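The values are calculated or read from the model by the stated rules, or taken from the named source; none is laboratory data. Bear in mind that the values here come from a model prediction, so they are computed numbers and not experimental data. Here the Cβ is made from the backbone with ideal geometry for all residues, glycine too, and neighbour counts use every protein chain on show. SASA here: full protein model, heavy atoms, side chains in, ligands and nucleic acids out. Shrake-Rupley method; radii C 1.70, N 1.55, O 1.52, S 1.80 Å.
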Amino acid sequence: MSPHATLPLFALLLGICLTASAEPLNEPLKPLPPVPHQDPRRVELGRQLFNDTRLSVNNRVSCASCHLLEKGGADDKRFSIGFDGKPLTINTPSVLNASLNFRQFWNGRANTLESQSHEVVQSPNEMGSNWPHVVQTLSADPTYHTTFAAAYPDGVTAANMQNALATYERTLLSRNSRFDQYLLGDTDILTRDEKYGYQRFKEYGCIACHQGVNIGGNMFQKFGVMGDYFQARGNPTESDLGRYLVTRDEEDRNVFKVPSLRNVAVTAPYFHDGSARTLEDAVDVMFKYQLGRIPSEKDKALITQFLKTLTGEWAGKPL
C-alpha cells in the first residue's frame, strides 16, 4: 500500500502545493507585472509634482504628505491631516499599485488616476485649491516652465499635471514580495505555515473578494455582509455611506471598493474608518462581518502570516 493511501485528499493536494517548483505556479492570484514603460520626462515631472506642496492652496501639503512611499504608500494615521490642519474623514489608501485598481477612492468615484488627482487638489478637506490657481503658480516657476515644455507640447496645463502625476504613479509598483517570488516558482521562499495560511485564505473564501493581480481593488463589496458592522461600531458618519454617496442607489449604502491586500502588513490602520489598529484586528473583523465564520485561532494566525508575505519592495528596499 502506498504510504500516502491513508492521508486525506486535502493533505495530498496540499503536499503537492508545498513542494518546490521551477515553473510559475498555476494559482488564482498572479504576481505583479513589470513596471510599464513610461516617458521618463513625464515620470520625473510627476515625481516632482507628487512632492510639491504648491498643489495645496496654502503650500502645506503635497501628495507625499499622506502617501508615504517608504511606509507602504499610505499614512500611519487613522486619518491624514488636510491643508487646514484638520483630520480628513476617511483613511488614506495606498498609492502603491493603485494603477492596478479598477477605480480610485474608497467609494470608487474616480475612474482614472488622472481624475483622482483632479479631485484631490480641489477637495475642500484635502488640498483646498483649484486648478487655475495651481496652473498660475507653477507656470511662474522657470524650472517647471522648462520641464513641462520638454514633456508636453502645450506646456503647463491642468490636464498635463494630472497626466504627469498619473504617469509617475503607474511606476509605483511594489514588486518582488516573497509571495510573488513564490508564484513565480520559488516555492521554498515561503515557510510551511505561510503556505498553509495561503491555503486557509482560499478555503475560507477571502479570495472571493481579494482577487486579481492586486489581491483586491477590482470590485465593490458591502462592508457588513454577514452582520451590521456600523451598528456595532456606532457613531455613523457620512463616509460610512460609501458608494451610495456617488450613485444615491440604496443598494450601494455601505458599499466600498475592496482594498488591495498588497503591503497590508505595513499599512495599518485598516478599513475606510481606520478602526482596525492591527492586522490581527482586521482579520477578526473580516471573519465576523464579511464571512460570518468562526475560525480557529491557529487558522487566523496562519492567514496573518500569509498576509505578511505580500509586502513588496520600494526603491529596491523591503517596505
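List of remarks:
- Those residues of region 66-119 which are farther than 17 Å from Val213 by Cβ, in contact with a His (Cβ under 6 Å, 6 or more places away or on another chain) and not β-branched (Val, Ile, Thr), in sequence order: Asn91, Trp106
- Total residues in region 101-125, condition open to solvent by 50 Å² or more (accessible area, probe 1.4 Å) and touching a residue at least 24 places away in the same chain (Cβ under 8 Å): 6
- Cross-chain or 6+ apart pairs with Cβ under 9 Å, region 211-228 first and among the basic types (Lys, Arg), then part of a loop (DSSP other than H, G, I, E, B): Lys222/Arg253; Lys222/Asn254
- Filter result for Gln181 (surrounded by fewer than 20 Cβ atoms within 10 Å (Cβ to Cβ), under 28 Å from Pro36 (Cβ atoms) and in contact with a Cys (Cβ under 6 Å, 6 or more places away or on another chain)): no
- Subset of region 305-319 that is over 15 Å from His67 (Cα atoms) and touching a helix residue (DSSP H, G or I) at 6+ places or on another chain (Cβ under 6 Å) - its residue that is surrounded by the fewest Cβ atoms within 10 Å (Cβ to Cβ): Lys308
- If you go through region 133-163 and keep only what is part of a helix (DSSP H, G or I), under 16 Å from Arg54 (Cβ atoms) and without any contact (Cβ under 8 Å) to a residue 12 or more places away in the chain, you end up with Gln136, Pro142, Thr143, His145.
- All of (1) of a type in the set (Gly, Ala, Ser); (2) open to solvent by less than 20 Å² (accessible area, probe 1.4 Å); (3) assigned to a loop (DSSP other than H, G, I, E, B); (4) closer than 16 Å to Phe201 by Cβ hold for Ala282 with one exception: (3).
- Of residues in region 254-279 being outside any loop (DSSP other than H, G, I, E, B) and either in the same structural domain as Leu88 (by the TED database) or of a type outside the set (Gly, Ala, Ser) (or both), the one farthest from Thr304 (Cα to Cα): Val255
- Residues of region 39-77 that are surrounded by 17 or more Cβ atoms within 10 Å (Cβ to Cβ) and assigned to a loop (DSSP other than H, G, I, E, B): Asp52, Ser56, Val57, Val61, Ser62, His67, Gly72, Gly73, Asp75.
- Condition met for Val213 (touching a Lys or Arg at 6+ places or on another chain (Cβ under 7 Å), part of a loop (DSSP other than H, G, I, E, B) and of a type in the set (A, V, I, L, M)): yes
- Residue in region 164-177 that is of a type in the set (S, T, N, Q), within 28 Å of Asn97 (Cβ to Cβ) and assigned to a helix (DSSP H, G or I) present: yes
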